[in-house]
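The next block holds one structure in the form of C-alpha cells; read it before the comments.
The values are calculated or read from the model by the stated rules, or taken from the named source; none is laboratory data. The structure presented is a predicted model; accordingly, all values stated were derived computationally and were not measured. A quick note on method: Cβ atoms are made from the backbone with ideal geometry, for glycine too, and the neighbour counts reach across all protein chains shown.
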Amino acid sequence: MDRSILITGASTGIGRATVEAFAAAGWQVAATMRKPEDGEGLAALAGVRVFPLDVTSTASVEAAVAAVHAAFGRIDAVVNNAGYAVDGIFESMDDELIRRQFDTNVFGLMRVTRAVLPLLRRQRGGTLVQVSSIGGRVTFPLYSVYHGTKWAVEGFSESLAFELRQFGIRVRLVEPGAIKTDFYGRSRERATTPADGGYDGLVSRCEAISLRGGRERGSPPALVAGTILRAVMDRGWRLRYPVAPPAPLLGTLRRILPESWFLRLIRRRYGIDG
C-alpha cells in the first residue's frame, strides 16, 4: 500500500523541500497551500498532487483533508508547516496583527490537527509533525509574539502526545534553527517602531544580527526536510527533533545552564546591557 502524507505551506521553503523529499522517497504527497498556482512545478513530481488549503479557514481545512483522503484512500502522516513570523517592538503591535500571527501559527495548526485526528485514530496509527522552531524553546529580542506562537505549539503538541499514544499516533516537534527561507523575506511581517526614538538603537542592532544570521549563515530547507522524513519514518516515540545551527546547541545550553547564565548569553549576543 502506498504511503501518503499531507503537507501544509508547501509552496516554498521548508514545505516545498519536504514535498520533494517525500516524493523522492516514493510517497503519495498532498502539497497544500492557500494558492495552488504558487505550487508551480510540484504537481509534475511523481506522486504529488496539489490541493488548496487555507489554515485560517476551518471550512478550507476540512474540505482539503476530505479531498486528500478521498484521493489517496488514507493519510499516514501530516506535516503542519504553514506559518510566518511577525517581528518588531511589541508596544507598536495592534490586536489585528497579533491575531493574524496566532491564527496562522497556532490556530491554523490546531485546525489541521483536529481535522486529521479522526482519520488517524480510525487507522490506529500515523504521524503528526509540527514544524515548530528553536524559538519555541528559547527567545530572542523583537520576536515576542512569534515566540508566543511557537511556545504555544510546543506545549499543545507535548500534551497532545499523551492523548494520542494509545492510538499509535506519534507526535513530532521539528525545531529548526536558522534556515534560508522566506522567513527573513516575503513571509516576514515587521511591526513599526514607536516614533519617540526609545527603541531605535535596539531595533537596528538586533534586526541586523537576526537577518544576517538567517540570510548569510542559514542552512538550506532540505536539511529540515530530511529531518522531517526521518521523524516520520522513526518507529520510536521521540518527541523533539532540533535541526540546523544553532538549534541543537541552544537547546542543550538552555537545558544545562542556570537560567540567569543562559539569558546573559542571549543579551550579550544582541548587545543588551545589564
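Tabulated data
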read-out: Of all residues in segment 184-204 being of a type in the set (Gly, Ala, Ser), assigned to a loop (DSSP other than H, G, I, E, B) and more than 14 Å from Tyr84 (Cα to Cα), the one that is modelled with the lowest pLDDT; value: Gly197
read-out: Positions within segment 117-158 being among the aliphatic types (A, V, I, L, M), within 14 Å of the chain's Cα centre (by Cα) and either part of a helix (DSSP H, G or I) or over 29 Å from Val68 (Cα atoms) (or both), in sequence order; value: Ile134, Ala152, Val153
read-out: Total residues in segment 102-135, condition of a type in the set (A, V, I, L, M, F, W, C) and on the phi > 0 side of the Ramachandran plot; value: 0
read-out: 3 or more residues at pLDDT below 95 and aromatic (Phe, Trp, Tyr): qualifying helices (runs of 4 or more DSSP H) within segment 218-274; value: none
read-out: All positions within segment 23-40 that are in contact with a strand residue (DSSP E or B) (Cβ under 7 Å, 6 or more places away or on another chain), over 21 Å from Gly83 (Cβ atoms) and among the hydrophobic types (A, V, I, L, M, F, W, C); value: Ala23, Trp27
read-out: Some residue of segment 47-59 being in contact with a helix residue (DSSP H, G or I) (Cβ under 9 Å, 6 or more places away or on another chain), within 30 Å of Phe140 (Cβ to Cβ) and surrounded by fewer than 22 Cβ atoms within 10 Å (Cβ to Cβ); value: yes
read-out: Qualifying positions in segment 240-264 - loosely packed, with under 14 Cβ neighbours inside 10 Å and either touching a residue at least 24 places away in the same chain (Cβ under 8 Å) or of a type outside the set (D, E, K, R) (or both); value: Leu249, Thr252, Ile256, Leu257, Pro258, Ser260, Trp261
read-out: Among the candidates Ala31, Ala64, residue that is under 22 Å from Thr149 (Cβ atoms), modelled with pLDDT of 95 or more, of a type outside the set (D, E, K, R) and in contact with a Leu (Cβ under 7 Å, 6 or more places away or on another chain); value: Ala64
read-out: Number of positions in segment 130-152 that are surrounded by fewer than 24 Cβ atoms within 10 Å (Cβ to Cβ), within 23 Å of Gly15 (Cβ to Cβ) and β-branched (Val, Ile, Thr); value: 1
read-out: Yes/no for Lys150 being of a type in the set (Lys, Arg), in contact with a Ser or Thr (Cβ under 9 Å, 6 or more places away or on another chain) and modelled with pLDDT of 95 or more; value: yes
read-out: Any hit, segment 66-85, residues being in contact with a Phe, Trp or Tyr (Cβ under 7 Å, 6 or more places away or on another chain), buried (at least 20 other Cβ atoms within 10 Å of the Cβ), outside any helix (DSSP H, G or I) and not aromatic (Phe, Trp, Tyr); value: yes
